[in-house]
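Right, one structure below, let's go through it.
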Amino acid sequence: KAQVQQEESAETTEGTGISINCSHPNIRSFDYIHWYRQFPGRGPEFLVMGHRGSQEVRSPPGRLSVAADRRSSALWLARPRSGDAALYSCAL
């Protein structure tokens, strides 16, 4: 069974970039990494998925980076605003 681990919380100030990290040590070669965010009272919103390397994220502006061994990934939010405060989750 695939599992992911994330830090409980991450904080930044408006306009200051932040990296949200996800560990997936048991990832399999065919697994893709999906990132979502969820605002209170709403369903999850798909942001980006990746397999290797890095991918641009359009909204909110940023980038998904997958480690070379694929055991971790990081969602970088370049210029977060107060309206981007949400629950950010990764999944395989």
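The values are calculated or read from the model by the stated rules, or taken from the named source; none is laboratory data. From a predicted model like this one, the values you see are computed outputs, not experimental measurements. Every residue, glycine as well, gets a Cβ built from its backbone with ideal geometry; the counts of neighbours run over all protein chains shown. The protein model used for the area step is the full one, side chains on, heavy atoms only, and it has no ligands, DNA or RNA in it. Shrake-Rupley method; radii C 1.70, N 1.55, O 1.52, S 1.80 Å.
Summed over the stretch 56-79, the residues that are open to solvent by 40 Å² or more (accessible area, probe 1.4 Å), over 11 Å from the mean Cα position of the chain (by Cα) and not hydrophobic (A, V, I, L, M, F, W, C) give a count of 7. Reported count of residues in the stretch 9-44, each being surrounded by fewer than 12 Cβ atoms within 10 Å (Cβ to Cβ) and within 18 Å of P80 (Cα to Cα), is 7.
Per-residue answers, yes or no, for (1) within 19 Å of Q6 (Cα to Cα); (2) in contact with a Leu (Cβ under 8 Å, 6 or more places away or on another chain):
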residue: H24; (1), (2): yes, yes
residue: H51; (1), (2): yes, no
residue: R58; (1), (2): no, no
residue: A78; (1), (2): no, no
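Report the residue count in the stretch 1-34 for those that are more than 16 Å from P60 (Cα to Cα) and of a type in the set (S, T, Y). Of the residues in the stretch 1-34, 4 are more than 16 Å from P60 (Cα to Cα) and of a type in the set (S, T, Y). Annotation note: of R52, R58, R70, R63, the sole residue that is among the charged types (D, E, K, R), touching a residue at least 24 places away in the same chain (Cβ under 8 Å) and out of contact with any Pro (no Cβ under 6 Å at 6 or more places or on another chain) is R70.
Filtered by the rule that a residue be of a type in the set (A, V, I, L, M), in a strand (DSSP E or B) and surrounded by 14 or more Cβ atoms within 10 Å (Cβ to Cβ), the stretch 80-92 gives a lone residue, A91.
Among the candidates P60, P25, P40, the residue that is in contact with a helix residue (DSSP H, G or I) (Cβ under 7 Å, 6 or more places away or on another chain) and assigned to a loop (DSSP other than H, G, I, E, B) is uniquely P60.
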